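As structure tokens, the structure follows; a few thoughts come after it.
The values are calculated or read from the model by the stated rules, or taken from the named source; none is laboratory data. If you're wondering where the values come from, they're calculated on a predicted model, not measured in any experiment. Heads up, the Cβs are rebuilt from the backbone with ideal geometry, glycines too, and the neighbour counts pull from every protein chain shown. All accessible areas refer to the heavy atoms of the entire protein, side chains included, with ligands and DNA or RNA removed. Shrake-Rupley method; radii C 1.70, N 1.55, O 1.52, S 1.80 Å.
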Amino acid sequence: ARLAQEREYSKLIDSANAPIFGVDTQGRVNVWNQCAMRLVGYTIDEVMGKNLVQEFVTKEYRAAVRAVLHKALRGKETANFEFPLMTKSGFRIEVLLNATTRRGE
């Protein structure tokens, strides 16, 4: 039952009409849905395991995004934090980040 639930959860995330990405405790990408792929231009294979902040966030926002992610890892949610991501084609796009922690996985 847990495995089926996990598959359903993954399917829901992947098909969501909003970019959804996740990072592990080291800041490496471990979730990247189809919408994020379309918006940013990087495939799942190109981003998995890469450091989200270092590789995809503009330099002037790295410290702030790192702080938001660090707070989320400690259980403090952040809603509607706006920051720029760099697309594969070199464009800067503004995204709203809602940072929460997934526990027990």
List the pairs whose first member sits in region 18-29 and is closer than 11 Å to His70 by Cβ, whose second member is in a loop (DSSP other than H, G, I, E, B) and of a type outside the set (Lys, Arg), and whose Cβ atoms are under 8 Å apart, counting only residues at least 6 apart or on separate chains? none
Which members of region 66-81 meet the condition of being over 15 Å from Leu96 (Cβ atoms) and surrounded by 12 or more Cβ atoms within 10 Å (Cβ to Cβ)? Arg66, Ala67, His70, Lys71, Leu73, Lys76
Just one of (1) in contact with a helix residue (DSSP H, G or I) (Cβ under 6 Å, 6 or more places away or on another chain); (2) at positive phi; (3) not β-branched (Val, Ile, Thr) trips up Pro19, so point out which. (2)
Which ones in region 82-102 are open to solvent by less than 90 Å² (accessible area, probe 1.4 Å) and modelled with pLDDT under 90? Leu97, Ala99, Thr100, Thr101
Within the bounds of region 57-65, is there any residue that is open to solvent by 80 Å² or more (accessible area, probe 1.4 Å) and of a type in the set (S, T, N, Q)? no
